[in-house]
């Protein structure tokens, strides 16, 4: 019973996480039920299980409760208005992860990824799942059972990120070889350039970090500050380049082409929807917008840039909360000399220019590091007050 209580959160999270991966395949139905319906049912079930975790297996102090409420209210409003629940569900996992070992979570996720990716490949090999293919620049992109080649790419990136994190203290040539093989696979099979680039950047950062540890350890903190500043820059530039028409400027247009039109696509969505305070329901398909009486004539829209997705779908308030908190987390990890976690968060921030991975818990499980930071800081405040009280006595 004690073990069950101790690992209850991990069981819930892994169940939800594996279900998310299965629902991001080419399955149209599971047990005769549409995949979207299955995904919603699992989300509601996990919500109930998380409430049980927080009510019966955990206790929260007054300050913890206040902080949780203050952050939860805007996320609840955003979810109700936009009907998008990624931020709210991610926040609930962070709240419920109190006193849960981050290392154990990453280890469990790593095993779940290995098993689930292998399972998807087996189902594809048995012709149970289809290979969704598309052509880009003459290259055929394969999903091998996933709903989109980019889904395969992001899962492979997650796998390598977890592998490198778990081996961060003893990276060997074979580990770098695994990262290189994964990057090659992602480039050749799904041809997911963002995932390939991020795997390469992560491996390089780890190698550089190991060298600095050996010869110039004092540089690590400086590099950590640089990565945090760069993450902030990715965010700010994504927004700035998306609120202007980059097609009207030669240099900016070329940058947009290199970024697979992420900024011009975001600009087009912005013209249709604008930027709300609390978020809004966004329909990217023209047919869906027409059903809602929106005759904008904009055609099929794309919103892959994570920062503009936060801005347009989740609103200014949630965008600011997440953006500031993310940078605070990176800085906190730097101060604690958890430089590899800083590197991973930086690479996810880079990934955010191209994909929505940075703020979605199903794609960025390193967001659970928020739990350790939040509860540790609140505990320090409590300890300081206790010390002051004792000194006065």
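The values are calculated or read from the model by the stated rules, or taken from the named source; none is laboratory data. It should be emphasised that the depicted structure is a prediction, and the values quoted were computed from it without experimental measurement. So basically every Cβ, Gly included, is an ideal-geometry build from the backbone, and we count neighbours across all protein chains shown.
What about residue 226, is it farther than 12 Å from residue 347 by Cα, free of Cβ contacts under 8 Å to residues at least 60 places away in the same chain and not assigned by TED's automatic domain parsing to the domain that holds residue 149?
Criteria met by residue 226.
Considering 73, 68, which residue is surrounded by fewer than 17 Cβ atoms within 10 Å (Cβ to Cβ) and either modelled with pLDDT of 90 or more or touching a helix residue (DSSP H, G or I) at 6+ places or on another chain (Cβ under 9 Å) (or both)? Even if it seems obvious, please write down each step before you answer.
Values: 68 fails: surrounded by fewer than 17 Cβ atoms within 10 Å (Cβ to Cβ).
Selected residue: 73, the only one of 73, 68 that is surrounded by fewer than 17 Cβ atoms within 10 Å (Cβ to Cβ) and either modelled with pLDDT of 90 or more or touching a helix residue (DSSP H, G or I) at 6+ places or on another chain (Cβ under 9 Å) (or both).
Please report, ordered by residue number, the helices (runs of 4 or more DSSP H) entirely within the range 248-358 with at least 2 residues that are touching a helix residue (DSSP H, G or I) at 6+ places or on another chain (Cβ under 9 Å) and on the phi < 0 side of the Ramachandran plot.
Once the helices (runs of 4 or more DSSP H) in the range 248-358 are filtered for at least 2 residues that are touching a helix residue (DSSP H, G or I) at 6+ places or on another chain (Cβ under 9 Å) and on the phi < 0 side of the Ramachandran plot, what remains is 250-258, 262-273, 306-309, 315-335, 339-351.
Looking at (1) surrounded by fewer than 22 Cβ atoms within 10 Å (Cβ to Cβ); (2) farther than 26 Å from residue 341 by Cα; (3) out of contact with any helix residue (DSSP H, G or I) (no Cβ under 6 Å at 6 or more places or on another chain), can you tell me which one residue 84 breaks?
If we test residue 84 against (1) surrounded by fewer than 22 Cβ atoms within 10 Å (Cβ to Cβ); (2) farther than 26 Å from residue 341 by Cα; (3) out of contact with any helix residue (DSSP H, G or I) (no Cβ under 6 Å at 6 or more places or on another chain), just (3) comes out false.
Collect the residues in the range 359-376 that are part of a helix (DSSP H, G or I) and either in contact with a strand residue (DSSP E or B) (Cβ under 9 Å, 6 or more places away or on another chain) or over 23 Å from residue 58 (Cβ atoms) (or both), keeping them in residue-number order.
359
Please work out which residue is farthest from residue 183 (Cα to Cα), limiting yourself to the range 110-149 and to residues that are assigned to a helix (DSSP H, G or I) and touching a strand residue (DSSP E or B) at 6+ places or on another chain (Cβ under 7 Å). Can you show your working first?
Looking only at the range 110-149, we keep the residues that are assigned to a helix (DSSP H, G or I), and these are 110-125, 149.
Within this subset, residues satisfying the condition of being touching a strand residue (DSSP E or B) at 6+ places or on another chain (Cβ under 7 Å) are 120, 149.
Numbers: 120: 19, 149: 14 Å.
Here the residue is 120.
Exactly one of these conditions fails for residue 307: (1) at pLDDT below 95; (2) crowded, with 20+ Cβ neighbours inside 10 Å. Give me its number.
All conditions are met except number (1).
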